[in-house]
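Visitor: Have a look at this one.
The values are calculated or read from the model by the stated rules, or taken from the named source; none is laboratory data. Remember, predicted model here, so these are calculated numbers, not experimental data. Using ideal geometry, Cβ is built from the backbone for each residue, glycine included, and neighbour counts are taken over all protein chains shown. Just so you know, the surface numbers come from the protein's heavy atoms only, side chains and all, with ligands and any DNA or RNA stripped out. Shrake-Rupley method; radii C 1.70, N 1.55, O 1.52, S 1.80 Å.
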Amino acid sequence: MASLCKTYIVFLLVWPQLFSFCVFAARGAGGRGNHGGGGGADYTKPEIVTNFKGAWVVDNPNAGVAAMQLQLMPNDKVVWFDTTSLGPSARKLDPPGNCPRNPDLKNQPDCFAHAIAYDWKTSKSRTIVLSGEPWCSSGNLWPNGNLVATGGTFSGVKAIRMLPKDDPNANFIERKDALGDFRWYASNQVLEDGSAILVGGREAFSIEIVPPSLDFKPRRIDFPFLKETCTPPKGPNRFIENNLYPFVYLLPDGNVFLFANDRAVNLDPKSGRILKKHSVLRGGSRNYPASGMSALFPLKLSDDNTHPLNVEVVVCGGNKPDAFEKVDAKHVKEKIYVPALQDCHRIHPMKDGANWANEQVMPTPRVMGDLLHLPTGDLIMINGAKKGTAAWEDAIEPNFVPIIYSPNKPRGQRFKEMAPTTIARMYHSTAALLPDTRILVAGSNPHEFYTFNIPLPTELRVEKFSPHYLDPALDKDRLEICDPRTDKVLKYGAPFKIAVTFKSNIKLLLGEAKVTLVYPPFTTHGFSQNQRLIVPKIKGIDNNVISALAPPSGKIAPPGYYMMFVNRLGVPGHGIWVHID
């Protein structure tokens, strides 16, 4: 369809009657009804329903490097990496003979790749040189689309490493000792100016802000809340914690929501001052190694484009506070795999006196799962296990079944099980929404080293999952964004236009369309850092050209690259990259 759209642009110069197929200039509001409003339904007609349970394909039989940390970049490469200090991967660096010295292996030559850039369109990949140990690090994108990974362990515990977006052959550029504290198992959240707040890490009871630059002076801020929520160790190197990789979200007032273990606060990211304390979430621990899931719900903007109609966070799964010490080899000789939690809870963090509300119970328990936004505004739960916790060999019973989570449906109808995979995605697995609306799934290494020929091996296969909305029966009516005549640079608060086309002769009406903007997250250890979905206000539709308003500020949409999708009655078309600032 992309070629059709471009062809018709040329044809318009000669055959104006084809103008209605791919129009490029709005002439005013068209259609009927309005686009939601007041926090109500997104559409004025029923959504299109399908019984399709999704489909799995193996996209690559052996990528060579396990996907412990993963980031989709706006150059359509999915970058992932694991660890540099635990021996060889299953793939050597390109070109042959490329063996840089590894500071975490006694400075000996290391010919193996520990990072790759995977082209999701072709399933091909290239190796990336990675210096300094990024094991269990965190990361985010800069506003210009460059990837930055922060922290790790050993030589990388205070390092930052940057991968440029625009150099197809780039390696990571590293700056050691750049951070103000050790950042091993920390979380990042991009802020309104494009900088990022780094939160926590092993024995790092602090926060700091890192600008989108390799040149800055670190400033560490003590944050005792992280120590208060940390389950104490049982002895030297016998950590439990339950609050690593905390869930962190930028709120629309510019402050930050932080959830660690079973407690949450709102804080001022610049000073570290706690602005609001929330009630305890009873029932278990939700962060590493108990490793539940969490997401900020879609931010649907008001009619006047000044604020989201709803600001809500969900937390699902995890395990009991003592689950890790019952299963980990540092604590016991005989492992007990505690069943994962099956509950979900929601909270409105900006409301005074907000309390956790019990959500519908998930169909199955899940620990180490990924919770991702879909283009439709629904979410998907994918990967993980039914028993145990994160850490090496500490979980069993893979959860093979993805679940579509629709938080706005009536209670009892919010979870829908999809077709299962046959590949276990356990500890150190990842997933990412792609611009073509599929989910890329990679990784799983429950072992200290790359280990094969056992029941839960190091997993080097890459899969793609097609959710329910990719039912082939819907393809004939699926829209496409007409890229050449769609605005791809969005300015805060300003109008922008999206031209769409259909294979069939469909005229898109106001009340049938929903635009979503998805910030691509850095995903590791079951938490998609910086994940954000925004639903901008549609002002009108004329001859299949949507007129909409960009988000009003960086507090709602931090500056940078987003995937933009258009949905018709719940069925999305392929997305395109846009930049917001």
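Visitor: Taking all protein chains as present, what is the carbon and sulfur share of the accessible area of region 61-213, in % to the nearest whole number, probe 1.4 Å?
Guide: Ligands and nucleic acids excluded, carbon and sulfur give 53 percent.
Visitor: Can you tell me the 0 to 90 degree angle between the C-alpha axis of helix 2-12 and the longest principal axis of the chain, rounded to 10?
Guide: On a 0 to 90 degree scale, this one is about 30.
Visitor: Of all accessible surface on region 505-581 at a 1.4 Å probe, what whole percent is carbon and sulfur?
Guide: Whole-percent figure for carbon plus sulfur exposure: 51.
Visitor: At a 1.4 Å probe radius, carbon and sulfur cover how many percent of the accessible area of region 361-473?
Guide: Ligands and nucleic acids excluded, carbon and sulfur reach 54 percent.
Visitor: Project the alpha carbons of region 76-141 onto their principal axes and report the range along each, largest first, in whole Å.
Guide: Principal-axis extents of region 76-141 (Cα, largest first): 38, 29, 17 Å.
Visitor: Gain in length, R126 to E417, computed as 0.36 nm per residue apart minus the alpha-carbon separation, to one decimal in nm?
Guide: 101.3 nm
Visitor: A further question on this structure: Rank-order 201-207, 133-139 by packing density, defined as the average count of other C-beta atoms within 10 Å over each peptide's residues, highest first.
Guide: Packing proxy ranking, top to bottom: 133-139, 201-207.
Visitor: OK, next. Give the accessible area for E417 in Å² (nearest 10); use a 1.4 Å probe, count only protein heavy atoms, and leave out ligands, DNA and RNA.
Guide: It works out to around 80 Å².
Visitor: Regarding the chain, what whole-number volume in Å³ per residue does the convex hull of its Cα atoms give?
Guide: 142 Å³
Visitor: Provide the packing ranking of 181-188, 542-549, i.e. peptides ordered by the mean count of other C-beta atoms within 10 Å per residue, highest first.
Guide: 181-188, 542-549
Visitor: Mind jotting down the distance between the C-alpha centroids of region 355-401 and region 520-581, whole Å?
Guide: With region 520-581 and region 355-401 each reduced to a Cα centre, they are spaced 25 Å.
Visitor: Hey, can you find the accessible area per residue of the chain for me, probe 1.4 Å, expressed in square angstrom?
Guide: It amounts to 36 Å² per residue over the chain.
Visitor: Taking the Cβ of W392 as the center, what net charge do the other residues with Cβ under 11 Å away carry, scoring Lys and Arg +1 and Asp and Glu -1?
Guide: -3
Visitor: Compute the distance in nm between two label points, each set 7 Å from the Cα along the Cα-to-Cβ direction, one at F452 and one at R282.
Guide: Here the answer is 5.0 nm between the modelled labels.
Visitor: Among 248-256, 121-129, how do they line up from the highest to the lowest mean number of other beta-carbon atoms within 10 Å?
Guide: Top of the packing list down: 248-256, 121-129.
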